[in-house]
Amino acid sequence: MLALLVAATPAFADFRPIQEENMFRALVEGRELTRFGVRLEVLPHGEITGRGFGMNVGGEWEWRDGYFCRTLEFGQSGDPYNCQLVLQDGNTLRFISDQGQGDQADLRIR
């Protein structure tokens, strides 16, 4: 069990939480967030736009109590309102759903 914990630690060791909205905005304004098949912009007025795997992506966001809270729509589907913990390691932002208790996605800042 200890070996599993030690082996898992480096993957998270360099990620630091983004707790302030102004810090988050400074990282994303005027930039794209990308990962394989996905390009998104988090706009200053609370809108999310972009493309994901050939579909338009849209949504709304706000910063609430230290979390990035957003809705997303893509194709005929979407994700309901969810507040996510945001972590940063260099040019990578890690979004962890359910206030840091759920699934995670890493996006590069470009």
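Observations on the structure shown:
- Phi angles across region 22-27 convert, under the Karplus curve 6.51 cos²θ - 1.76 cosθ + 1.60 with θ = phi - 60°, into 3J(HN,Hα) values of 5, 5, 4, 4, 4, 6 Hz, Gly and Pro given as x.
- Using θ = phi - 60° in the Karplus curve 6.51 cos²θ - 1.76 cosθ + 1.60, the 3J(HN,Hα) couplings for region 78-84 round to x, 10, x, 3, 8, 9, 10 Hz; x is entered for Gly and Pro.
- With helices as the sole contributors, the chain gives -6000 deg cm²/dmol at 222 nm; each DSSP H run of n ≥ 4 counts as -39500 (n - 2.57), and the sum is divided by every residue.
- Here the chain is scanned for chymotrypsin sites (Phe, Trp or Tyr not before Pro) in DSSP loops (not H, G, I, E, B) that have at most 15 other Cβ atoms within 10 Å, and the longest stretch holding none of them is 54-110.
- Residue-by-residue Karplus 3J(HN,Hα) for region 45-58, coefficients 6.51, -1.76, 1.60, Hz, glycine and proline x: 8, x, 10, 10, 9, x, 9, x, 6, x, 10, 5, 10, x
- Tail beyond 24 Å, pair distance distribution of the chain (Cα, percent): 23 percent
- Cut-off of 10 Å, at most 16 other beta carbons, DSSP loop: longest stretch of the chain lacking such GluC sites (Glu not before Pro): 33-110
- Taking the chain and dividing mean pair separation by its residue count, relative contact order in percent (alpha carbons under 8 Å, at least six apart): 21 percent
- Sequence-distant residues sharing a close amide H with Ile18 (under 5 Å, placed H): Val86, Leu87, Gln88
- Neighbours of Gly46, meaning other residues whose beta-carbon lies under 14 angstrom from its beta-carbon, give a summed charge of -3 when Lys and Arg score +1 and Asp and Glu score -1.
- Within the accessible area of the chain (1.4 Å probe), percent carbon and sulfur: 51 percent
- Cut-off 9 Å between beta-carbons: net charge of the residues surrounding Thr71, Lys and Arg +1, Asp and Glu -1: -2
- Summing Lys and Arg as +1 and Asp and Glu as -1 over all other residues whose Cβ lies under 14 Å from the Cβ of Pro17 gives a net charge of -3.
The values are calculated or read from the model by the stated rules, or taken from the named source; none is laboratory data. Quantities reported herein were computed from a predicted structural model and do not represent experimental measurements. Cβ coordinates were reconstructed from backbone atoms using ideal geometry, including for glycine residues, and neighbour counts include every protein chain displayed. Note: accessible area is taken over every heavy atom of the protein model, side chains too, but ligands, DNA and RNA are not part of it. Shrake-Rupley method; radii C 1.70, N 1.55, O 1.52, S 1.80 Å.
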